[in-house]
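Here is the structure we will look at, set down as structure tokens.
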There are 2 protein chains.
Amino acid sequence: MHSIEQLQNIINKAIADTKYTAKPAELYEPISYLMKLGGKRMRPVLVLISTELFKGDISKALHAAIGIELFHNFTLMHDDIMDKAPLRRGNPTVHVKWNENTAILSGDVMFVEAYKLMIMVDDSILRQVLDIFSYTAAGVCQGQQADMNFETRDQVSINEYIEMIRLKTAVLLAGSMQIGALIGGADKEQAALLYEFGENLGLAFQLQDDILDVYGDPEKFGKQVGGDILADKKTYLLIKAVELAGEEKSSELNYWLNNSDAEPSKKIKSITTIYNSLGVRKLAEIEMDNYVKKALYALDKIDAESSRKALLRGFAEQLLIREH
Amino acid sequence: MHSIEQLQNIINKAIADTKYTAKPAELYEPISYLMKLGGKRMRPVLVLISTELFKGDISKALHAAIGIELFHNFTLMHDDIMDKAPLRRGNPTVHVKWNENTAILSGDVMFVEAYKLMIMVDDSILRQVLDIFSYTAAGVCQGQQADMNFETRDQVSINEYIEMIRLKTAVLLAGSMQIGALIGGADKEQAALLYEFGENLGLAFQLQDDILDVYGDPEKFGKQVGGDILADKKTYLLIKAVELAGEEKSSELNYWLNNSDAEPSKKIKSITTIYNSLGVRKLAEIEMDNYVKKALYALDKIDAESSRKALLRGFAEQLLIREH
């Protein structure tokens, strides 16, 4: 079995070694550029971990792992156009470095390349893998559309929010693991359990991200603390706060929301104070723990050696440890 | 065997009957909208014709046929964004009727839906069909990028132009036929011959389109006669004219090209006169005939009943008949 760092290195090497010789170069250069910007490679790592969980050979899963990472980066390339984002991992986004048309078309061909890699699995699991991948891909698009819809809506319920992050984030983590499991030799039932683990873990991760955006250690959190607040992003914390706020707190919240004149640090501080007074952090943590427990419950039911499950168990359990 | 009209009706009925129940509606409504704008359904018709050529049952090919049409319409949805086109078949394009982000994302999910339909073929041909579809899809993206590159280039050679239209247009027609043949029970070799037929036919069709844009009967030609000339589009005729023009004709051509002040009808007339004096129409017709003959040569080699080949032979031979 490999450590996470070893798996990351294997994936980064495979990505570095990939040369797109097809023409025109304008179509393929942005793919190499974006893929080589780095990142934690979480999704492909999960593919490989899931293969090893069932004693499979990761060399048989590497194409699919890279395919998942290509798909993920394709969605980033298109999302960045939609969000008009100037930077991705500190570098210019593709639509800024090249142009919007190139980012659309290069993304499209990236999606084809992702399918090409998924197709390389054995005949015996080809249909299953493609069904999961297609379901997953459609889910990610649905989640992105729901997320965009939320921006212009006044009210979003917690249930709608959970469904959105399930589609936008959790489904791809879950699908990555299910595909990795099948390549590793797991039967349908075992692979479905790993999907369940991944989906719940994904939900917990996103909730943790919402919490860290406000309460994270600026030195450890990769993004700007308070970024969601400044963007008026409808996170679990904000939705819950809107739900719980009485008349006075509501008008206070509404004063700050969509207030583009507000001094950033003051806005972050004021909204955080409202969150604190309503106790939404605690509620988010309870919800997160709930998903972690569901994930661990699914993991327990999986018929694999306990030592092989340790890595995944560790992923889940670290979410239960609070930094106060 | 069915007539083309019967096949078009079968396809239109299948499209009309398709309901996308997945949410959010914003993501799926543009798909139904674009798919129901009509068109000749040439690609899915070719899938079904190819299935029947080998005595296959078209009910087994209908999913793949609709998948091909979905893919084609996905490329139109994204191309229309890139071309900033306001209209598609006389109706507002998706990015105009909704917005650009919806057109990007709805197109992406359309591509997933296309793959989902392709995956429905029998296990025995699943990998082959997906390989062809992926190769085809990548080709179409490459062709679109090449076409966009040509817009900003001073010089394009005839060889580059042929390669561009091969990718952008011919490969999808060819792939449609190859997939239809496999579903109909053709072996690899026979299906490859039909691909060859389709690719050459596609090239001939595009060359005919270039010719008709200038010399077509305005009442029969679906688009505005002279549209390519007004758009300074690098067609076979223009590229050949640039190649053949001496000093005098070159400066005359250059006067009209990229001249946005020019009175449209005068520009069309002047450039057509240059084309006539250089005889580029005849050269385009010779090239077109060349591809038709290659197509017919491939068709001849196909091991199917002559009566079943008649429809495809007719497609090809109509291109040899000139309207003067």
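The single condition from (1) assigned to a helix (DSSP H, G or I); (2) farther than 30 Å from A:Q224 by Cβ; (3) not assigned by TED's automatic domain parsing to the domain that holds A:K301 that A:A146 fails is (2).
Of the residues B:G38, B:G67, the single one that is out of contact with any Leu (no Cβ under 9 Å at 6 or more places or on another chain), in the same structural domain as B:S106 (by TED's automatic domain parsing) and small (G, A, S) is B:G38. Checking A:Q145 against (1) free of Cβ contacts under 8 Å to residues at least 60 places away in the same chain; (2) among the polar types (S, T, N, Q); (3) surrounded by fewer than 19 Cβ atoms within 10 Å (Cβ to Cβ): exactly one of these is not met. Which one? The single condition A:Q145 does not satisfy is (3).
The test for being closer than 30 Å to A:A103 by Cβ and either surrounded by fewer than 21 Cβ atoms within 10 Å (Cβ to Cβ) or of a type in the set (K, R) (or both) does not hold for B:D228. Consider A:Q144 carefully, then state whether it is farther than 16 Å from B:A114 by Cβ and either at pLDDT below 95 or within 10 Å of another protein chain (Cβ to nearest Cβ) (or both). Judged against the criteria, A:Q144 is a match.
The rows are residues; the columns are (1) surrounded by 18 or more Cβ atoms within 10 Å (Cβ to Cβ); (2) under 21 Å from B:I119 (Cβ atoms); (3) more than 13 Å from chain A (Cβ to nearest Cβ).
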{"residue": "B:A16", "(1), (2), (3)": "no, no, yes"}
{"residue": "B:R43", "(1), (2), (3)": "yes, yes, yes"}
{"residue": "B:S50", "(1), (2), (3)": "yes, yes, yes"}
{"residue": "B:S59", "(1), (2), (3)": "no, yes, yes"}
{"residue": "B:A65", "(1), (2), (3)": "yes, yes, yes"}
{"residue": "B:I68", "(1), (2), (3)": "yes, yes, yes"}
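So, in the range A:3-60, of the ones that are in a loop (DSSP other than H, G, I, E, B) and among the hydrophobic types (A, V, I, L, M, F, W, C), which residue ends up modelled with the lowest pLDDT? Top of the filtered list is A:A22.
Note on the range B:70-92: residues that are under 19 Å from A:H78 (Cα atoms) and either in contact with a Cys (Cβ under 6 Å, 6 or more places away or on another chain) or more than 13 Å from every other protein chain (Cβ to nearest Cβ) (or both) amount to 1. For the range A:229-242, the criterion of a residue being free of Cβ contacts under 8 Å to residues at least 12 places away in the same chain, closer than 28 Å to A:I321 by Cα, of a type in the set (S, T, Y) and in a helix (DSSP H, G or I) is satisfied by no position. Of a type in the set (D, E, K, R) and buried (at least 16 other Cβ atoms within 10 Å of the Cβ), is that true of A:D213? For A:D213, the condition - of a type in the set (D, E, K, R) and buried (at least 16 other Cβ atoms within 10 Å of the Cβ) - is met.
The values are calculated or read from the model by the stated rules, or taken from the named source; none is laboratory data. Since the model is a prediction, treat every value here as computed from it, not as a measurement. Virtual Cβ from ideal backbone geometry, glycine too; neighbours counted across all protein chains shown.
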